[in-house]
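Every number here is computed from the coordinates shown, using simple stated rules; none is lab data. Here the structure is a predicted model, which means the values were calculated and not measured. Don't worry about glycine lacking a Cβ; one is built from the backbone with ideal geometry, like all the others, and counts go over all protein chains shown.
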């Protein structure tokens, strides 16, 4: 249906919504539906992290060959679903394309085909020449069309939110921002989050308090119109400057003996710098109370320097933590080889959806075991469910908003000795 | 120090061979002349390996007739020592080389303010002068080698980088990226071959990597700026260069695309509109002969995007290669899981120094993946190739491999000539 494609581009300004166009075509097809069928790809059911617009666009392009070679019309719906109305298109041709899409998202539970299950969750087919099937498909699309209105409003809201995040970080604005970063008042932006050892019988002990600068506050003060996270590389650059400020905050205050352990986020380059040597002298024998966190991207960029920094820290009594891992990265990396004292995994709300994927869970459990249970921390824990998930894979050290609340409620009780 | 002299003994460089030759020349200096052709002073884009190979080829006939000996140095300079009676032929050969580079300032300004295309010596009269020049060249090559070794130590890298010019700052990066949008980069595209090298050191070309020479980019755009001084700013720069490379690959008249090729990109680039355009413009059959190289830290900075885009490009027919693996990352990353078609392992003396455990690790990797999937890169000495052979690696890339190709070409050329002579 090449004409239709052209028509779309021609009437761009007053373009109808995909759902409306699809319903119109269905109305036309209804009268002579012989040879027509529909394929509905449920990309709306993907994990949130896979529902990114550029992923969906790339997936949509897989259908180009069908549209070009056969009598088929393609619709990209507001909820991210894809629909193809086909007329006399060999089913095998579509299988190939659907398998391509399945391949693209093969880490997503949506694409898993259960041999015992008749239903393929990724794609559903309707023979439009059969009245019942036509009716059922029509009502599905009608429902999506109603939903689309709400989605469009949400999209608008998201767009505004995106705009609020600001302009992307570029080398051009980075120069200015990094200058401001070096001059801005920063001590009052220091925050802390507790890492807690949770005992199965209830109660807990503080493993350490992570000290960090609130990026939200910092952004408001130095770059309210810029999205500091738009480029991972330029953000890393900024974080190196931030390290200097962090170490300085410590060096400028008279240090009292630390009651609890504390942890700081630093770049490898910072650990190997003069600033850190100065900090070390200032800390005066309290290294054993300190944990230095380093990011996995930084580590992977230069494993040799990481090894050097890790040894240097551990020899002086600091403990080393590898940060920035997720349940997904754990399937591709063996953090145990990094010989750190701690490994921090960020919990993502999707972790819980993977119940059906028992194999993944078993693997993560194995990694936790290999790394040493005492060294693994589950971070970004914001619900009790996350704690349960963590306990399930053998983790007993947690960090996150939920943990902060938990610690607060516990603080009324008599305080125990800090955990080692 | 002992190890260094030892490795020098093991691997005589052209510089050392030349020094040795000149010392022995002292007894036979009568009736000999020397010409030093300063090809190192050519503009970078004229100094590619094939140019130098071709230039050296002009002395071939004289060498074959036992009238002289040529040395091609690391910095691209040529040294030709010859019998006085072939002075006219030698002058012709040098003029022919000069003619090839007739648009280069080294030739157009020959004779002006100390610019000199070639220096001529009489071995008998100028022996001390020659010896001094050659000693200097040999020494600077040793320093370069030492530098290469010491560059691998993290602290030394930092120190060296600090001494190597203005560090890359956001302001400088912004200036470079602005300049990049206007500059014609096709001159800066370099090609290095991945070869199957057997135990007889015969290279067979498998595919070639296309890349933008950072050194020449720096010379052209921002002399005095050390682009590698900040890892993160440099990575950002590579994303800009990716886009330029893709647009050059789309316009095949800009650079030649013969044979299977590989190129480095960022994961973010593969998700961009520019890559879609590139993919739309490329003949479907070509995709199978293209290898996309990705850096490990880039892969792990957004693993989900990588997994998605890897599937997408592989399905289209491209091959995917992880670049920059080291002994440490090899132990840590589950490459099988990442679904890669190839892996590039960085040559480093550590691989040998690591002893049997390190060798076993690489050997297992090669056995597991298959030798055609592993490439040992940055091979700048024979030591690297020898190491590869002991662990089962057969594919190599690097300066030393380029030398092997040049030698192989020369040998073939000679063989061809010989056959022709025999036929006549």
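Summary table below
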quantity: Expected 222 nm ellipticity per residue - DSSP helices of 4 or more, -39500 (n - 2.57), all of the protein assembly as shown, to 500; calculated: -15500 deg cm²/dmol
quantity: Part-to-part distance (alpha-carbon centres) for the range A:35-91 and the range B:342-368, which is given in Å; calculated: 45
quantity: Whole-Å semi-axes of the ellipsoid equivalent to the range B:307-346 (Cα gyration tensor, √5λ, descending); calculated: 21, 10, 6
quantity: Burial ordering of B:401, B:391, B:100, fewest other beta-carbon atoms within 10 Å first; calculated: B:100, B:391, B:401
quantity: Efficiency of FRET between residue B:54 and residue B:419 - r from beta-carbon atoms, R0 35 angstrom, step 0.05; calculated: 0.95
quantity: Selected from B:68, B:336, B:317 as most flexible by GNM, with chain B as the system and alpha-carbon contacts under 10 Å; calculated: B:336
quantity: Ratio Rg/Rh [Cα only; Rh per Kirkwood] for the range A:260-328; calculated: 0.97
quantity: Percent of Cα-Cα distances greater than 27 Å, calculated over chain A; calculated: 63
quantity: Label-point separation, residue A:388 to residue A:21 (7 Å along Cα→Cβ), nm; calculated: 4.5
quantity: Relative contact order (%) - chain B, alpha-carbon pairs under 8 angstrom, separation at least six; calculated: 12
quantity: Compactness index (Cα Rg / 2.2 N^0.38 Å), the protein assembly as shown; calculated: 1.12
quantity: Footprinting exposure proxy for B:72, B:94, B:107 (fewest neighbouring C-beta atoms within 10 Å first); calculated: B:107, B:94, B:72
quantity: Whole-number percent relative contact order across the range A:164-303, with pairs defined as alpha carbons under 8 Å at least 6 apart; calculated: 25
quantity: Taking all pairs of distinct alpha-carbon atoms in the range A:212-346, Kirkwood radius in angstrom; calculated: 15.9
quantity: Whole-number percent relative contact order across the range B:238-310, with pairs defined as alpha carbons under 8 Å at least 6 apart; calculated: 37
quantity: Space enclosed by the convex hull of the alpha-carbon atoms of the range B:319-424, per residue, Å³; calculated: 114
quantity: Highest-fluctuation residue, A:265, A:79, A:173 considered, GNM on chain A with Cα pairs under 10 Å; calculated: A:173
quantity: Calculated over the range B:228-359: convex hull of Cα atoms, volume per residue (Å³); calculated: 133
quantity: Between helix A:18-31 and chain A: long-axis angle, C-alpha atoms, 0 to 90°, nearest 10; calculated: 30
quantity: For chain B, the Rg and Dmax computed from alpha carbons only, in angstrom; calculated: 23.4, 71
quantity: Burial ordering of A:40, B:348, A:48, fewest other beta-carbon atoms within 10 Å first; calculated: A:48, B:348, A:40
quantity: Segment residue A:316-residue A:136, length gained on full extension (0.36 nm per residue, minus Cα span); calculated: 57.9 nm
quantity: Computed FRET value (nearest 0.05) for residue A:155 with residue A:401, which takes r as the C-beta separation and R₀ as 30 Å; calculated: 0.65
quantity: Ratio of the Cα radius of gyration of the range B:169-256 to 2.2 N^0.38 Å, where N counts its residues; calculated: 1.29
quantity: Choice from B:178, B:238, B:90 with maximal GNM fluctuation in chain B (Cα, 10 Å cutoff); calculated: B:178
quantity: DSSP beta bridge pairing in the protein assembly as shown, given as percent antiparallel to the nearest 5; calculated: 55
quantity: Kirkwood-Stokes translational diffusion coefficient of the range B:87-133, alpha-carbon pairs, 25 °C, 0.890 mPa s, µm²/s; calculated: 202
quantity: Degrees separating the helix A:303-315 axis from the principal Cα axis of chain A, which is the longest one; calculated: 30
quantity: Approximate spin-label separation residue A:28-residue A:359, in nm, with each point projected 7 Å along Cα-to-Cβ; calculated: 4.5
quantity: Two-site FRET efficiency, residue B:119 against residue A:99, from Cβ-Cβ distance with R₀ of 56 Å, rounded to 0.05; calculated: 0.25
quantity: Helix B:382-391 axis, angle to chain B major axis (alpha carbon atoms, nearest 10°); calculated: 40
quantity: 26 Å tail of the calculated P(r), the range A:52-164, as % of Cα pairs; calculated: 28
quantity: Counting DSSP beta bridges with both ends in chain B, the antiparallel % (nearest 5); calculated: 55
quantity: Pairwise Cα inverse-distance average, inverted: Kirkwood Rh of the range A:225-282 (Å); calculated: 12.9
quantity: Contour minus Cα-Cα distance for residue A:215 and residue A:106 (0.36 nm per residue); calculated: 35.8 nm
quantity: Rotationally averaged projected area of the range B:32-98 (alpha carbon convex hull; nm²); calculated: 4.0
